[in-house]
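Visitor: Quick one: this structure, given as C-alpha cells, is what I'll be asking you about.
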Amino acid sequence: MDSATLLARITDYASRPNPYPLYAELREAGPVVPQADGSYLIGTYHHIAALLHDPRMSADPRTRGEATHKPPFLRLDDPEHHRLRTLAMRPFGPPHSPGRVDGMRGEIDRIARELLEPFEAGRQIDVVDDFAYPLPVTVICRLLGVPHEDEPLFRAWSDAIVAAADVRPGEDTAEPDKAGDQARMEMGGYLLNLAEQRRGKPGDDMLSAFANEPDPALRLTDEELAETAVLLLIAGHETTVNLITNGALTLLRQPEQLDRLRREPELLPRAVEELLRYEPPVHMRERIPHADIDVAGTLVPAGASVVLVLASGNRDPMRFRDPDRFDPARPDNQHLGFGSGIHACYGGPLARVEAYAALGALLPRLGSARLVEDPPPYRQNAMLRGPRHLAIHL
C-alpha cells in the first residue's frame with residue numbers, strides 16, 4: 001500500500017481497534033514518511049525521542065500561523081511554557097507540594113473500592129461508564145476543589161475539547177474546533193468563578209492555592225488560571241480513563257497474565273509501566289519545526305506538521321525486545337507513554353497512582369469476568385485512543 005496514505009489510514013475509524021499493523025508498516029517505510037496532506041509521520045523510537053528533546057521543534061500551533069488565541073501551556077514553547085508549567089506545578093507536585101499526590105493514595109483506593117461495591121457476580125457492567133471514567137474525574141475534581149454535584153458538567157465539555165484536539169487529515173475541522181473553543185470557554189469560566197469564590201477563603205485544593213498565591217510574581221492571570229485549570233481537568237482524567245480501560249481489556253484478553261498479577265500483586269507497578277508501553281492512552285503528538293531540519297536524511301520544512309507516533313515507538317523492535325508481547329515484568333521499560341522532554345506529562349505520577357488503585361481493585365473481580373464484545377466500540381479519537389464502552393459480565 002502507499003505509505004503516503006498512512007496517516008489517513010491510521011486515523012480512519014476502522015483502524016481504531018488495532019492500529020498496530022499500520023504502525024509496523026510505518027516503521028518499515030522509514031524513520032520519516034511524508035504524507036499526501038503535507039505532514040510527516042515518524043514512528044521509530046529513537047527518532048521520536050530525539051525530536052521530543054529537540055529545541056527546534058515547536059508545540060505551538062501559532063508557529064504555522066493557525067491559531068489566533070494563545071493556547072494552553074501544553075502547546076506553548078519555552079520560556080513561556082516553562083513559566084506556566086512551573087506555576088501550575090507549585091500546588092501539585094515537588095518541590096513545593098511534594099505530598100499532594102502521595103497524600104491522596106488512601107482516598108483514591110477508597111474511591112476505587114466504593115465504585116466497585118455495587119458490582120455483584122452475575123451483573124453486566126461497563127468498565128468505562130461505571131468505573132474508569134468516574135474514578136479519575138472524581139479525583140481531579142477533589143484536587144481542584146470542584147463540588148461533587150458539579151462533576152457531571154465536565155463530561156460534555158471534556159468530550160468537545162478532546163474531539164477538537166484530534167488528528168484529522170484532510171477533514172474540515174471548523175465545527176469541532178468551534179465546539180471545542182465554546183466548551184473550553186464555558187469550563188474555564190466555571191473554574192475561574194470557583195477560584196474567585198476561594199479568594200481570601202482558601203480550602204485545601206489547587207484552585208484555592210492558585211487564587212491565594214501571596215507572591216505577585218508567581219500569580220497566574222485570570223486567563224492563565226482558567227486555561228491551566230481546564231488543562232488540569234482534561235489532561236487529568238481523559239488519559240487516565242484510557243489507561244485504566246486499556247489495562248482491563250489487555251488483562252481480560254490475556255488470562256495467564258491476569259492470573260499472574262493476581263498471584264503476584266507486587267508486580268502491579270511494573271505492569272502499569274508495561275501497559276503505558278503496550279496500550280498507551282496517547283498515541284500521537286504533533287510538533288512543528290521552527291526552521292528547515294534534516295531528520296534521518298529527509299528535509300522537513302519549517303512550519304510542516306510532524307506527527308510523532310508515540311505508540312509506534314513503544315512497539316519498535318529496535319528498542320524493545322519482543323515488543324508485541326505484553327510482559328508485566330518487562331525490564332528496562334523506558335516507554336513513551338507519557339511523552340518525553342520538556343512536555344513530558346506532569347500528571348504522570350497521579351495517573352500511575354490512579355492506575356495502581358483501579359487495577360488493584362479490579363484484579364479480584366476480573367478473574368471470572370468475560371468480555372461481552374471484543375473488540376469493544378472505540379472512541380472516535382485516534383490520538384487519545386481507548387474504548388468508549390467496555391462491557392463485561394461478572
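Visitor: With N set to the residue count of segment 1-154, report its C-alpha Rg divided by 2.2 N^0.38 Å to two decimal places.
Guide: So segment 1-154 has a normalised radius of gyration of 1.42.
Visitor: A further question follows. Give the Debye-formula value of log10 I(q)/I(0) at each listed q (0.14, 0.16, 0.17 Å⁻¹), with one equal scatterer per alpha carbon of segment 267-394, two decimals each.
Guide: -0.77, -0.97, -1.07
Visitor: So if each residue of separation counts as 0.36 nm, and I subtract the Cα-Cα distance between A296 and E117, what length gain in nm does that give?
Guide: Once the chain is fully extended between A296 and E117, it gains 59.1 nm.
Visitor: While we're on this one: Taking the Cα centre of the chain as the origin and placing charges on Cβ (Lys, Arg +1; Asp, Glu -1), which of G367, V162, P61 is farthest toward the positive end of the dipole?
Guide: Of the candidates, G367 comes out farthest on the positive side.
Visitor: Mind running the shape call on segment 107-266? Use the C-alpha gyration tensor, a ≥ b ≥ c as the square roots of the eigenvalues: rounded below 1.5 for a/c, prolate if a/b tops b/c, oblate otherwise.
Guide: Oblate, because a/c is 1.5 or more while a/b does not exceed b/c.
Visitor: Say R0 is 51 Å: what FRET efficiency, to the nearest 0.05, do R56 and H96 get from their beta-carbon distance?
Guide: Efficiency, from the Cβ-Cβ distance: 0.95.
Visitor: In whole angstrom, and with the biggest value first, how far do the Cα coordinates of the chain range along each principal axis?
Guide: Largest first, the chain extends 55, 55, 39 Å along its Cα principal axes.
Visitor: Accessible area per residue of segment 190-285 at 1.4 Å probe, in Å²?
Guide: 38
Visitor: Could you rank the peptides 52-60, 366-374, 4-12 by their average count of other C-beta atoms within 10 Å per residue, with the highest value first?
Guide: Put in order of decreasing packing, that is 4-12, 52-60, 366-374.
Visitor: Which value, in Å², gives the accessible area per residue of segment 318-394 when a 1.4 Å probe is used on the protein heavy atoms?
Guide: In whole numbers, segment 318-394 has 42 Å² accessible per residue.
Visitor: Which value does Rg/Rh take for segment 200-249 over its C-alpha atoms, Rh per Kirkwood?
Guide: Expressed as Rg/Rh, it is 1.17.
Visitor: Assigning unit charges at the beta carbon (Lys, Arg +1; Asp, Glu -1) and nothing else, what dipole magnitude in debye, to the nearest 20, does the chain show about its Cα centre?
Guide: 700
Visitor: So, one more: Just grab the label-to-label distance for A14 and D222, each label 7 Å out from Cα along the Cβ direction, in nm (one decimal).
Guide: For the pair A14/D222, the computed spacing is 5.0 nm.
Visitor: Still on this structure, I have one more. If I model a spin label as a point 7 Å beyond the Cα along the Cα-Cβ vector, how far apart are those points for D322 and D150 in nm?
Guide: Distance between the two pseudo-spin positions: 5.0 nm.
Visitor: If you don't mind, there's one more thing I want to ask. Probe 1.4 Å, all protein chains in place: accessible area of R262 in Å², nearest 10?
Guide: Accessible area of R262: about 110 Å².
Visitor: Given points 7 Å out from each Cα along the Cα-Cβ axis, report the R388 to N193 separation in nanometres with one decimal.
Guide: Label at R388, label at N193, 3.0 nm between them.
Visitor: Next question, about the same structure. Mean projection of the alpha-carbon convex hull of segment 241-295 over all orientations, in nm²?
Guide: Here the figure is 5.6 nm², rounded to one decimal.
Visitor: Counting only protein heavy atoms, what percent of the accessible surface of segment 224-322 is carbon or sulfur at a 1.4 Å probe?
Guide: Looking at segment 224-322 in its full context, I get 52 percent from C and S.
Visitor: Using unit Cβ charges (K, R positive; D, E negative) and no other charged atoms, how large, in debye to the nearest 20, is the dipole of segment 253-394 about its Cα centre?
Guide: Charge dipole, segment 253-394, about its Cα centre: 340 debye, nearest 20.
Visitor: Provide the gained length on full extension for the span E256 to K178, in nm with one decimal, where the gain is 0.36 nm per separating residue minus the Cα-Cα distance.
Guide: 23.4 nm
Visitor: What Kirkwood Rh does segment 233-333 have if only Cα atoms enter the pairwise 1/r average? Answer in Å.
Guide: 15.6
Visitor: Which values of log₁₀ I(q)/I(0), to two decimal places, follow from the Debye formula for segment 67-176 at q = 0.10, 0.14, 0.17 Å⁻¹ with a uniform point scatterer at every Cα?
Guide: Log10 of I(q)/I(0), two decimals: -0.47, -0.86, -1.10.
Visitor: Using θ = phi - 60° and the Karplus form 6.51 cos²θ - 1.76 cosθ + 1.60, what ³J(HN,Hα) does each residue of segment 303-317 get, whole Hz, x for Gly and Pro?
Guide: x, 6, 7, 10, 9, 8, 8, 4, 5, 6, x, 5, 10, 6, x
Visitor: When the helix-only estimate is applied to the chain (DSSP H runs of n ≥ 4, each -39,500 (n - 2.57), divided by the residue count), what is the mean residue ellipticity at 222 nm, nearest 500 deg cm²/dmol?
Guide: -14000 deg cm²/dmol
Visitor: Taking Cα atoms of segment 115-197, Rg/Rh with Kirkwood Rh, to two decimals?
Guide: 1.08
Visitor: Of the GluC sites (Glu not before Pro) in segment 117-189, which ones lie in a loop per DSSP and count no more than 14 other C-beta atoms within 10 Å?
Guide: E120, E171
The values are calculated or read from the model by the stated rules, or taken from the named source; none is laboratory data. Only a predicted model underlies this, so the values are computations on that prediction, with no experimental measurement involved. Quick reminder, even Gly has a Cβ in these numbers, built from the backbone with ideal geometry, and neighbours come from all protein chains shown. The area values use the complete protein model at the heavy-atom level, side chains included, leaving out ligands, DNA and RNA. Shrake-Rupley method; radii C 1.70, N 1.55, O 1.52, S 1.80 Å.
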